[in-house]
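The values are calculated or read from the model by the stated rules, or taken from the named source; none is laboratory data. This one's a predicted model, so the numbers in the text were calculated from it and none came from an experiment. Glycine gets a Cβ as well: all are built from the backbone with ideal geometry, and neighbour counts include every protein chain shown.
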Amino acid sequence: MIRPFKKSDIDQVACLWLHTNILAHSFIPADYWQANLETVKNLLSQAELYVYEDTNQIKAFIGLDNTYIAGIFVDSQTQSCGIGKQLLDYTKSQKPQLTLNVYQKNQRAISFYQREHFHIHSQAIDPATGELEYHMLWLPQSSS
């Protein structure tokens, strides 16, 4: 079930954010993510978030800043089960367009977003990590 984030979800969501980032970004030291956890926890409680919950456990969430997807985070044990797509489809039904940044080395995420009709719009170096990022864009007409 997809539902809006509640303040009481913060610990589960923050833990999911940390573990998912460490697994998905092996090219960035884990201590980078750990050092940013408290800051991100504060940002998460102020962001527009939707969680995917199953048997009172948060299995995934999507974070938004208006039409910018800050990330889709799916528990490693439930990845490739369609949950990320469900969250993305839900978001597409709510927004006129969507953008996001994804690391060039995160080929799994790039493939997912391209399957979902996102296109690489530009690229730049992330100043925080020194890694190349793609800025991707989805427009409703691009999905037809």
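Could we say that LEU43 is under 23 Å from ASP31 (Cβ atoms) and of a type outside the set (Asp, Glu) here? Spelling it out, LEU43 is indeed under 23 Å from ASP31 (Cβ atoms) and of a type outside the set (Asp, Glu).
Of the residues contained in the stretch 25-37, none is found to be more than 21 Å from TYR103 (Cα to Cα), touching a Ser or Thr at 6+ places or on another chain (Cβ under 8 Å) and either assigned to a helix (DSSP H, G or I) or among the hydrophobic types (A, V, I, L, M, F, W, C) (or both). With respect to the conditions (1) out of contact with any helix residue (DSSP H, G or I) (no Cβ under 6 Å at 6 or more places or on another chain); (2) aromatic (Phe, Trp, Tyr); (3) farther than 27 Å from GLN141 by Cα, TYR103 falls short on a single one, namely (3). Between ALA35, ALA47, ALA70, the distinction of being closer than 24 Å to HIS119 by Cα, small (Gly, Ala, Ser) and out of contact with any Asp or Glu (no Cβ under 6 Å at 6 or more places or on another chain) belongs to ALA70 only. Residue check: GLN46 meets all listed conditions (1) in a helix (DSSP H, G or I); (2) loosely packed, with under 14 Cβ neighbours inside 10 Å but one, namely (1).
So for the stretch 101-108 (the condition being closer than 19 Å to ILE2 by Cβ and either of a type in the set (Phe, Trp, Tyr) or surrounded by fewer than 14 Cβ atoms within 10 Å (Cβ to Cβ) (or both)), does at least one residue qualify? No: the stretch 101-108 contains no residue that is closer than 19 Å to ILE2 by Cβ and either of a type in the set (Phe, Trp, Tyr) or surrounded by fewer than 14 Cβ atoms within 10 Å (Cβ to Cβ) (or both). When residues in the stretch 29-42 are screened for being surrounded by 15 or more Cβ atoms within 10 Å (Cβ to Cβ), at pLDDT below 90 and closer than 19 Å to GLU133 by Cβ, 2 of them pass.
Considering ILE69, ILE58, ILE62, which residue is in a strand (DSSP E or B), among the β-branched types (Val, Ile, Thr) and over 11 Å from the mean Cα position of the chain (by Cα)?
ILE58
Residues of the stretch 23-46 that are within 14 Å of the chain's Cα centre (by Cα) and in contact (Cβ under 8 Å) with a residue 40 or more places away in the chain: LEU23, ALA24, HIS25.
Which of the residues spanning the stretch 95-128 are more than 17 Å from the chain's Cα centre (by Cα) and either β-branched (Val, Ile, Thr) or part of a helix (DSSP H, G or I) (or both)? The one that is more than 17 Å from the chain's Cα centre (by Cα) and either β-branched (Val, Ile, Thr) or part of a helix (DSSP H, G or I) (or both): ILE125.
If you go through the stretch 129-144 and keep only what is of a type in the set (Gly, Ala, Ser) and under 14 Å from the mean Cα position of the chain (by Cα), you end up with nothing. Just one of the numbered conditions (1) exposed (fewer than 12 other Cβ atoms within 10 Å of the Cβ); (2) closer than 19 Å to TYR113 by Cβ; (3) of a type in the set (Lys, Arg) is not true of LYS7; which one? LYS7 satisfies all of (1) exposed (fewer than 12 other Cβ atoms within 10 Å of the Cβ); (2) closer than 19 Å to TYR113 by Cβ; (3) of a type in the set (Lys, Arg) except (2).
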